[in-house]
Amino acid sequence: MAEVNQRLDALRALMAKADLAGYVVPSSDPHMSEYVPARFRGRTYMTGFTGSAGTLSLLAEGGTLYVDGRYILQAAEQVEGTGLEVSLIGAGKPEPWDVFCRKLPRGSRVGCYAATLSVNEQRRWKQALAACGIELVPGEDLLDQVWEDRPAWPKTPIWIHELTYAGRTTAQKLAEVRKALEEKGADTLIVSSLDDIAWLTNLRGGDVTDVPVFCAWVLVTPEKATLFIHPDRLEADALALLAENGMDVADYDALPGAVAALPQGARVAYDPACVNTLAASAIPEGCTLCEMPNVTTYIKACKDAVELDNMRKANLYDGLAMAQFSKWLPEAMAQGEVTELDVCDKLIELRTALPDCVGVSFSTICAYGPHGAQMHYSPYNGGNCVLEPHGLMVLDSGAQFRTGTTDITRTVILGELTEQERWDYTMAWKCHVALAEARFPYGTTGTQLDALARANVWRYGLDYRCGTGHGVGLCLSVHEGPVGFRSSHNPIPVAEGMVLTIEPGIYRAEMHGVRHENMVLVRHWQDTEYGRYLEFEPITLCPIDKRGMDLALLDDHELDYLNHYHALVYEKLAPLADDALRAWLEEACAPLTR
Ligand SMILES: [Mn+2]
């Protein structure tokens, strides 16, 4: 704690020198990544709080650490003795500028590092602080002068994502991007989101835990496309590939200068939710600002035939690992103690043995009994427990394959179930099927479809406090835009070639959780007088434990979907299985009858 206090005091001394009464340390990197490289975990360094999200609003004396509900206890424990207060953010709760507005006199200045606030965030901060007579002053990174042994910029190997996996060349993707820009009235594009850059360049790296991306920028103009990346990171083959595809290379730090040199009249597209203020404020006067979601994100989400085949392949092998695991677990529990972390280790061992696997896609959630009620519980954060032969275990995991990213949740039945557990298990399946078997005309949004799944629990006054599903990348981020199944409004329709998860659940505090998650791809069903109709194809391939189903609660079509799904799982996995696993699959995939 003494260490953290020293760091806070050093930062306060710099604030005083710069005439700043407050300083904001968010959890973001210059690319607004969901997970950030170690170099940008400054909020952790400054507070000692190790959670993945939170904002420090520091004052000359004291300050407040703002965290969401999952971290409130952990944060309070970890900042004890620093004089920092911990405050809960979320609907109806104070925002991270609240402490500045309450404690600072009008005319005060609050600083932040301009590269770690997106354009949108900066606007929110400026507006809120201005209402209290306080000025936000985005500037240089004060942490740099405080942070001893700050991790360097990541330099993980960058490798080529071959065309057999990627489907389209960078040249083809650039042509699609320029066409989309033209349609939207722009001609220039700043890309800062790392998964979009990895997709566009057909390159992958390892700068961010569990996401195979690398730190870079892309600037696309009518004549030129440039990748801005730290020198010496690209091997000759990657450089040659980029050159062949019409992409130049420049130094990472040269991006603001290149933006500042854009010609008069350029119509510059950028996503204000992704691009930081350091880059956006470089756009010269005389250019037209075209704020819009990244055009790359939509094109990336609509996967072509090669990509879809790859995503199927990734899920085929992932399903094989999950089936091997499902067979292994009861055998292991019969022989001795198995903990939640043992489960995580076993899954990693099985997955990394598979062809084309390059790692996991997120930190495994293995949550037994009451842990399952916490949607983001992880045994890696303490709380690891021994599994007992009863009740439910939520197992949410995934991997990165060169062929695609996977994300699957199975609610594992460890033995006898209570009435409540069985009801919840079955009800969550009804929610899953309601969406998975939906057919809908093109133009339908993820928000509309979200309600199909929820309707089954809404009728009992129940709900789940998360989306019903999200997009998934191809050897990229496990959470991919621009479309998901969620309650909040998003006007972008669900379109052919998108790959999404369906993962409704029921969570009972202190008791248990249930979630059934499959990945699906969106495909054409048929054209009718009302339009082009779409449907989902499940691509996750792993049995759902039939022992949890209460047949009295299932309608015929829900039972049929389960049986058809299991027939598909058997057909695909059996040829890859050894004799013992095939016998297990035969039983696990046998039809369930009334
Ligand atoms: Mn998921």
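Restricting attention to segment 501-520, which residues are within 15 Å of the ligand (Cβ to nearest atom) and not β-branched (Val, Ile, Thr)?
If the condition is that a residue be within 15 Å of the ligand (Cβ to nearest atom) and not β-branched (Val, Ile, Thr), then 503, 504, 505, 507, 513, 515, 516, 517, 518, 519 are the ones that fit.
When you scan segment 370-379, how many residues do you find that are closer than 17 Å to residue 466 by Cα and either open to solvent by 50 Å² or more (accessible area, probe 1.4 Å) or away from the ligand (no atom under 16 Å from the Cβ) (or both)?
Final tally of qualifying residues: 4.
Is one or more of the residues making up segment 325-340 over 21 Å from the mean Cα position of the chain (by Cα) and modelled with pLDDT under 95? Spell out the reasoning first.
At the first step, the residues of segment 325-340 found to be over 21 Å from the mean Cα position of the chain (by Cα) are 325-340.
Those left that are additionally modelled with pLDDT under 95: none.
No, segment 325-340 contains no residue that is over 21 Å from the mean Cα position of the chain (by Cα) and modelled with pLDDT under 95.
Has segment 478-494 got any residue that is more than 26 Å from residue 298 (Cα to Cα), buried (at least 20 other Cβ atoms within 10 Å of the Cβ), over 17 Å from the mean Cα position of the chain (by Cα) and touching a residue at least 12 places away in the same chain (Cβ under 8 Å)?
no
State all residues of segment 430-461 that are among the charged types (D, E, K, R), in contact with a strand residue (DSSP E or B) (Cβ under 9 Å, 6 or more places away or on another chain) and away from the ligand (no atom under 15 Å from the Cβ); if no residue qualifies, say none.
Result: 437, 439.
Away from the ligand (no atom under 16 Å from the Cβ) and at negative phi: which single residue out of 539, 492 fits that description?
Step by step, each of 539, 492 is checked, and only 492 is away from the ligand (no atom under 16 Å from the Cβ) and at negative phi.
Test residue 424 against the criterion of being more than 16 Å from the ligand (Cβ to nearest atom), in contact with a Phe, Trp or Tyr (Cβ under 6 Å, 6 or more places away or on another chain) and either open to solvent by 10 Å² or more (accessible area, probe 1.4 Å) or in contact (Cβ under 8 Å) with a residue 40 or more places away in the chain (or both), and give yes or no. Don't jump to the end; show me each part of the working.
On the way: more than 16 Å from the ligand (Cβ to nearest atom): yes; in contact with a Phe, Trp or Tyr (Cβ under 6 Å, 6 or more places away or on another chain): no; either open to solvent by 10 Å² or more (accessible area, probe 1.4 Å) or in contact (Cβ under 8 Å) with a residue 40 or more places away in the chain (or both): yes.
Spelling it out, it is not the case that residue 424 is more than 16 Å from the ligand (Cβ to nearest atom), in contact with a Phe, Trp or Tyr (Cβ under 6 Å, 6 or more places away or on another chain) and either open to solvent by 10 Å² or more (accessible area, probe 1.4 Å) or in contact (Cβ under 8 Å) with a residue 40 or more places away in the chain (or both).
It is to be established whether one or more residues within segment 139-151 are free of Cβ contacts under 8 Å to residues at least 60 places away in the same chain and among the hydrophobic types (A, V, I, L, M, F, W, C).
The answer is no; no qualifying residue exists.
Restricting to segment 380-398, name every residue that is within 27 Å of residue 471 (Cβ to Cβ) and either β-branched (Val, Ile, Thr) or away from the ligand (no atom under 13 Å from the Cβ) (or both). Break it down stepwise before answering.
Taking segment 380-398 first, the residues within 27 Å of residue 471 (Cβ to Cβ) are 380-381, 393-398.
Matches in segment 380-398: 380, 381, 393, 394.
Considering only residues that are in a helix (DSSP H, G or I) and open to solvent by 10 Å² or more (accessible area, probe 1.4 Å), which ones fall in segment 44-71?
Those that are in a helix (DSSP H, G or I) and open to solvent by 10 Å² or more (accessible area, probe 1.4 Å): 44, 45, 69, 70, 71.
Going by the conditions given, is residue 455 surrounded by fewer than 19 Cβ atoms within 10 Å (Cβ to Cβ), out of contact with any helix residue (DSSP H, G or I) (no Cβ under 6 Å at 6 or more places or on another chain) and outside any loop (DSSP other than H, G, I, E, B)?
yes
Test residue 464 against the criterion of being farther than 24 Å from residue 318 by Cα, part of a loop (DSSP other than H, G, I, E, B), aromatic (Phe, Trp, Tyr) and within 16 Å of the ligand (Cβ to nearest atom), and give yes or no.
Answer is yes for this residue.
Which of the residues that make up segment 112-127 are open to solvent by 20 Å² or more (accessible area, probe 1.4 Å) and within 20 Å of residue 27 (Cβ to Cβ)? Before you say what the answer is, go through the steps one by one.
Taking segment 112-127 and keeping what is open to solvent by 20 Å² or more (accessible area, probe 1.4 Å), we get 113, 120-124, 126-127.
Matches in segment 112-127: 113, 120, 121, 122, 123, 124, 126.
Mind listing whichever residues of segment 435-447 are in a helix (DSSP H, G or I) and surrounded by fewer than 24 Cβ atoms within 10 Å (Cβ to Cβ)?
Hits for segment 435-447 are 436, 447.
The values are calculated or read from the model by the stated rules, or taken from the named source; none is laboratory data. No experiment lies behind these values; they were computed from the predicted model shown. Positions of Cβ are backbone-derived with ideal geometry, glycine not excepted, and every protein chain shown enters the neighbour counts. These accessible areas exclude ligands, DNA and RNA; they are computed on the full protein's heavy atoms, side chains included. Shrake-Rupley method; radii C 1.70, N 1.55, O 1.52, S 1.80 Å.
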